[in-house]
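Student: This structure is in structure tokens; I'll ask about it shortly.
Only the coordinates and a few stated rules stand behind these numbers; no lab work does. Nothing here was measured: the structure is a model prediction, and the numbers come from that model. Ideal geometry is used to build each Cβ from the backbone, glycine not excepted, and the neighbour counts take in all protein chains shown.
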Amino acid sequence: SKVIEGEKLRKKLHNTILELKGNIRVFCRVRPLLPGENSSEDKSISYPTSMEFLGRGVELVQNGQKHSFTFDKVFMPEASQDDVFVEISQLVQSALDGYKVCVFAYGQTGSGKTYTMMGKPGIPEEQGLIPRCLEQIFQTKQSHQSQGWRYEMQVSMLEIYNEMIRDLLPSNRSNGDVARIENGSAAKQYVIKHDPNGNTHVSDLTVVDVCSKREVSYLLKHASHSRLVGKTQMNEESSRSHFVFTMRISGISESTGQQIHGVLNLIDLAGSERLSKSGSTGDRLKETQSINKSLSSLCDVIFALAKKEEYVPYRNSKLTYLLQPCLGGDSKTLMFVNISPDSSSSGESLCSLRFAARVNACEIGVPRRNM
Ligand code: ADP
């Protein structure tokens, strides 16, 4: 009976953590080893098999020291894109029910963020979260339409590089940002405005009405092309900018007049690698500093929300200011921490896990111990 008591207590503790965290969840995903990466005899990552941590724990050995972390969910390398999507489809439903949702992918370059978000184009079973979310949204839209619901959906896609916003969709007003970048001028200064209804608008940002997955897929292709052109023109490395995909969903029930206004934000964050790895002079230094600033601002915001602090420092970066209406309140946030299993990445992996752990569960331990 002691075992049962212990189990009950653990469950209670786990529920308390969830309650404290409100609508914030953190999932860890470890990608498979890629060809040419280190072999199995050198295992730096393992997964505790005790009931308590099954599916939620991850352990990393670095310099002979073992570090253990717990998340809401841990996806091992074998997890398929579908396994991952199953766990987030509820969030997509929330956006359709009128909630504001943010899903982030965090991790060093090469850890699988883009694979998680976009997947491999052209291979259906390797489609990532964005195409799968779209599939679910448009399917649900169709089935709800037969029950008298009418929907309007709009998408925008932007990236934030060096604290500057770049529109990734073609604009009707000019030849678009691609042209502006080609002309050698820096990307236009887009201004973020908050309206009284608690929404953010980015001045001049292209927002497109969409009715089908095909239309959005076309826009996604355009966005990824704009990203590439922008990067080459500005001499950036890949993964130095945050990619923000936003879909606004408005619905009205023709029978009851009930309205919903949901938002789904899917964000592929810039690589989180530290300064030493990416070089530390000139433009690269500025880049890394602005990435660090926005990632740590994001962490500060989520941490403040998890701790239910009165002051949430949204204004410290463009990313958090832009997403402010979708972070906190009754909105829902999920962060993927993407990890590479390669032992040469264990330093970066440890940093990512620590970052995530800070966002994830420390509020139950740290503040109490300080009291
Ligand atoms: P990031 O966006 O973090 O820089 P990528 O998503 O580009 O990283 O992933 C790096 C490489 O690893 C890519 O070749 C990608 O296809 C591969 N990869 C990442 N995650 C997985 C996975 N879960 N299964 C198979 N291949 C993966």
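Student: Would you mind putting 343-349, 219-225 in packing order, based on average other-beta-carbon counts within 10 Å, highest first?
Tutor: Ranking the peptides 343-349, 219-225 by packing returns 343-349, 219-225.
Student: Moving on to the next point. Estimate the FRET efficiency between Ser171 and Thr49 by the formula 1/(1 + (r/R0)^6), using the beta-carbon distance for r and 45 Å for R0, to the nearest 0.05.
Tutor: Efficiency at R0 = 45 Å is approximately 0.25.
Student: Now, a different point. Going by C-beta contacts inside 10 Å, put Val103, Val208 in order with the fewest on the left.
Tutor: Lowest to highest Cβ neighbour count: Val208, Val103.
Student: Among 256-264, 109-117, 195-203, 67-75, how do they line up from the highest to the lowest mean number of other beta-carbon atoms within 10 Å?
Tutor: 109-117, 67-75, 256-264, 195-203
Student: Using Cβ contacts closer than 10 Å as the measure, can you line up Val229, Val244, Val337 from fewest to most?
Tutor: So the residues, fewest neighbours to most, are Val229, Val244, Val337.
Student: A further question follows. Loop only per DSSP, at most 12 neighbouring Cβ atoms within 10 Å: give me the chymotrypsin sites (Phe, Trp or Tyr not before Pro) in the stretch 254-346, ordered by residue number.
Tutor: For chymotrypsin sites (Phe, Trp or Tyr not before Pro) across the stretch 254-346 that sit outside H, G, I, E and B with at most 12 neighbouring Cβ atoms in 10 Å, the list reads Tyr311.
Student: When Cys351, Cys326 are ordered from fewest to most other Cβ atoms inside 10 Å of their Cβ, what list results?
Tutor: Cys351, Cys326
Student: At 7 Å along the Cα-to-beta-carbon direction for both Asp209 and Arg315, put a label point, then send me their distance in nm to one decimal.
Tutor: Roughly 3.6 nm, to one decimal.
Student: If you don't mind, another one. What is the stretch 40-112 by shape, rounded, prolate or oblate, if you read a ≥ b ≥ c off the alpha carbon gyration tensor as root eigenvalues and call it rounded for a/c under 1.5, prolate for a/b larger than b/c, and oblate otherwise?
Tutor: Prolate, because a/c is 1.5 or more and a/b exceeds b/c.
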